[in-house]
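The values are calculated or read from the model by the stated rules, or taken from the named source; none is laboratory data. These numbers were taken from a predicted model, which means no experiment stands behind them. Note: ideal-geometry Cβ built from the backbone for every residue, glycine included; neighbour counts use all protein chains shown.
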């Protein structure tokens, strides 16, 4: 039970403190807002609300700060435009409406908010009256374009190749770890470039360096050499795949633009009162 309380208390404090910071509230400013809306509340209340789960000394004994009453929680949630469920961790979405949209579309709340900001024109620094409708129309054309899904798919492919380039499989390291005889492993690395020829001793590096080419050593060298070849081959292959993916992305991108900028879509995007843009 204490573990559940601790988890809920941490979520509550993290989210309430986060919202306070996001909205620019100090404890004093928040108390002023709370009183202006509900006609009650004290500095001590706000301090406790922000420290739910913390341990305090009370009447000579140790106690933990509990959650505020449901009425107070509802009031706090209302000030920030979120639900009580969000503050207590019942949902990761700030509102039930956002939670429903998130579940229906299958994306997280941040993605929903990003779409909402574009569709509403909130991201623009010079918002004009017709822009929000235009943004929504462009988004609709974008999502419905045949090339859009193909573009997203190619981005996934491209990101995978980039990831593999940054986090390659180290075949040499894996192979070396499988050579259990440490002396053989070290000697194999030392002799990996040696050339041996039974017909011409001039090219026998093993003899020149007084190393006995035992079967165990030669097998180890062969394994390391194969691993080095694998690493080099995969690096080249990944570089080729990245270049190909970049080419495909550019090709799909321009095809996507062509789909969006057809006359049919232009008529929808620019269907507004031109007089509102006379000063632009």
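Things worth noting here:
- Checked against the criterion of being without any contact (Cβ under 8 Å) to a residue 12 or more places away in the chain, within 26 Å of the chain's Cα centre (by Cα), under 22 Å from residue 7 (Cα atoms) and surrounded by 12 or more Cβ atoms within 10 Å (Cβ to Cβ), the range 76-86 has at least one qualifying residue.
- Residue in the range 202-216 that is at pLDDT 90 or above, in contact with a helix residue (DSSP H, G or I) (Cβ under 8 Å, 6 or more places away or on another chain), in a helix (DSSP H, G or I) and farther than 30 Å from residue 147 by Cα present: yes
- Residue identified as surrounded by fewer than 16 Cβ atoms within 10 Å (Cβ to Cβ) and closer than 30 Å to residue 255 by Cα among 162, 192: 162
- In a residue-by-residue description of the range 214-235, the property of being on the phi < 0 side of the Ramachandran plot, within 40 Å of the chain's Cα centre (by Cα) and surrounded by fewer than 12 Cβ atoms within 10 Å (Cβ to Cβ) applies to at least one position.
- Selection status of residue 91, out of contact with any strand residue (DSSP E or B) (no Cβ under 8 Å at 6 or more places or on another chain) and without any contact (Cβ under 8 Å) to a residue 12 or more places away in the chain: yes
- When the range 87-115 is limited to residues that are surrounded by fewer than 16 Cβ atoms within 10 Å (Cβ to Cβ) and more than 19 Å from the chain's Cα centre (by Cα), the one that is farthest from residue 10 (Cα to Cα) turns out to be 104.
- Residues satisfying the stated conditions in the range 80-97, i.e. at pLDDT below 80 and in contact with a helix residue (DSSP H, G or I) (Cβ under 6 Å, 6 or more places away or on another chain): 93, 94
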